[in-house]
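The values are calculated or read from the model by the stated rules, or taken from the named source; none is laboratory data. Keep in mind the model is a prediction, meaning the values are calculated, not measured. Neighbour counts run over all protein chains shown; Cβ positions are idealised from the backbone, glycine included.
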Amino acid sequence: MLTNPIYGGAYAYGKSEHSTQYVDGEARRCDRRKPRERWLSLIPRAHEGYVDWERFERIRHAIRANLHTPSASRHHGTARTGSAIMAGLFRCRRCASKLIVQYTGKLGDVARYACHRGWLDKGQPRCISFGGARVDAAIGEEVLRVVQPAAIEAAILAYRDEAKKQDEVRNVLERDLEAARYTAQRAQRQYDAADPENRLVANELERRWNQALERVREIEQRIAQHSGTDALEPVPTVEEFSSLAERLEELWDHSDTDPRLRKRIVRSLIDEVIVDLDTAANEVVLVIHWKGDLHTEIRVPRRRRGQNSTNTSPATLDAVRALARICPDAFIANVLNRNGLRTGRGNFWTRERVTALRSHHQIPVYSAEQRAREGWLNLTEAANLVGVSARTLRLAVERGELAAEHPLADGPWIFNRDALQTNAGAELAARARARNRVPAIPEDQQSLFD
């Protein structure tokens, strides 16, 4: 009914067409709705409608925009509850298809944008795909940058509109109260004019009078409640609106903020975003088409496979930084997994993820030549250098006699050659040799009492 021209007061004719198709040798009639430009007749304002023609057109466009249509459409669809704020707004620069959103992770809250329409429809190669966290954050920063200067003015206008709506509600209630009082007075006059001997008529008129009085009391209570609510709410000042504008970014990033609210804000400002990948610079190129034919290009660094630097704990970073002196990335991944450490997304460590973590934090890669040049040793190598057993060396470190690093409980010890070639190391080796006594050798003439 909302899309029927009659709803807007228009006369329409020839909206559908009929055709005959032969299926398995049998003729079947098919009815199909034609586009508006092919209707035989459309006369707006031909009669009184439920709404005016302009409002009907706005409703029709809103309904079309809320449809989740294929990727070739210009419609964005309604804002859903997913965390991806740019769902339905990204369009691939290479094939002009809209990107779809894929949610992964243990909780299904990790968004990833991908252009798979050509592969889904025609079996063509996939175009582009990238993680959504950094891109959504960059778009959010641009939206806040655009909105924040006008946030105070928008808040004041919104408050005035809300106050105007409250005044309209009060005016409607007062008109209802006036009509209810008139109905009650009329029922009273009818009751007074009735013959008391006609009890049936008098009882019916009294019942109607009581109903009218109940209606009057109900509306009076609603007006009192409405007035009490207005009295309790203080009138905000411009300074208060200014403080709210300063906290706009905090409210945007708050965990209790509904994702649909963010999406509606983005849709009110952005028409669409043309996206492509710059493989040479490893960046996502975004061309934002704002409402009003303005364009902005931003570049977002692309997160490589396994990289999750924002959520990696500082203790894990320190352990990787220390272990990279004596271990390759594959061995570091095994040590981290053995100690129960996981990535920021809760995944197991792999060689690729350790490599990405090192690259992001600029931790040097393991090199045997550099290790030998700087003198980094593990526990076994350090014990051989000092000339003691591994257990003796470890106990000396625990007593504080020698310096060493042990970044993880179930992992290797890390020594430096300069720290071992000191007086403390020489004293430890001397004590160890002094404790090594020569064992007694039995003789044939030796007895128990000798």
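Test residue 393 against the criterion of being assigned by TED's automatic domain parsing to the domain that holds residue 423, surrounded by 14 or more Cβ atoms within 10 Å (Cβ to Cβ), of a type outside the set (Lys, Arg) and over 46 Å from the mean Cα position of the chain (by Cα), and give yes or no. Yes; evaluated as a whole, the condition is true for this residue. Taking residue 239, is it at pLDDT 80 or above, of a type in the set (Asp, Glu), part of a helix (DSSP H, G or I) and under 40 Å from the mean Cα position of the chain (by Cα)? Against the criterion (at pLDDT 80 or above, of a type in the set (Asp, Glu), part of a helix (DSSP H, G or I) and under 40 Å from the mean Cα position of the chain (by Cα)), residue 239 does not qualify. A count restricted to the stretch 99-133 and to residues that are touching a residue at least 60 places away in the same chain (Cβ under 8 Å) and touching a strand residue (DSSP E or B) at 6+ places or on another chain (Cβ under 8 Å) stands at 7.
With respect to the stated conditions, residue 347 is at pLDDT below 90, exposed (fewer than 15 other Cβ atoms within 10 Å of the Cβ) and more than 30 Å from residue 433 (Cα to Cα). What about residue 339, is it modelled with pLDDT of 90 or more, farther than 30 Å from residue 429 by Cα, touching a Gly at 6+ places or on another chain (Cβ under 7 Å) and surrounded by fewer than 18 Cβ atoms within 10 Å (Cβ to Cβ)? Taking the combined requirement at face value, the residue satisfies it.
Residue by residue, here is whether (1) free of Cβ contacts under 8 Å to residues at least 60 places away in the same chain; (2) of a type in the set (Ser, Thr, Tyr) holds:
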| position | (1), (2) |
| --- | --- |
| 327 | no, no |
| 331 | yes, no |
| 349 | yes, no |
| 355 | yes, yes |
| 360 | yes, no |
| 371 | yes, no |
| 374 | yes, no |
| 385 | yes, no |
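Taking first residues from the stretch 1-27 that are of a type in the set (Asp, Glu) and partners that are surrounded by 12 or more Cβ atoms within 10 Å (Cβ to Cβ), the Cβ contacts under 9 Å between residues at least 6 apart in sequence or on separate chains come to 17/34. The criterion of being at pLDDT 85 or above and either out of contact with any helix residue (DSSP H, G or I) (no Cβ under 6 Å at 6 or more places or on another chain) or not in a helix (DSSP H, G or I) (or both) holds for residue 185. In the stretch 17-35, the qualifying residues are those that are within 20 Å of residue 63 (Cα to Cα) and touching a Lys or Arg at 6+ places or on another chain (Cβ under 8 Å), and the one that is surrounded by the most Cβ atoms within 10 Å (Cβ to Cβ) is 34. Of the residues making up the stretch 160-178, one or more are modelled with pLDDT under 85 and under 25 Å from residue 270 (Cα atoms).
Looking at residue 96, is it outside the structural domain of residue 270 (by TED's automatic domain parsing) and surrounded by fewer than 16 Cβ atoms within 10 Å (Cβ to Cβ)? When the stated conditions are applied, residue 96 does not pass them.
Kindly indicate whether residue 325 is modelled with pLDDT of 90 or more, assigned by TED's automatic domain parsing to the domain that holds residue 99 and within 22 Å of residue 362 (Cβ to Cβ). No: the conditions fail for residue 325. Do you know which of the residues in the stretch 1-39 that are of a type in the set (Lys, Arg) and part of a helix (DSSP H, G or I) is nearest to the chain's Cα centre (by Cα)? This residue is 36. Taking residue 315 as the residue in question, decide whether it is crowded, with 20+ Cβ neighbours inside 10 Å, among the small types (Gly, Ala, Ser) and in a helix (DSSP H, G or I). Judged against the criteria, residue 315 is not a match. Among the residues of the stretch 345-376, the ones that are aromatic (Phe, Trp, Tyr), part of a loop (DSSP other than H, G, I, E, B) and under 29 Å from residue 420 (Cα atoms) come to 1 in all.
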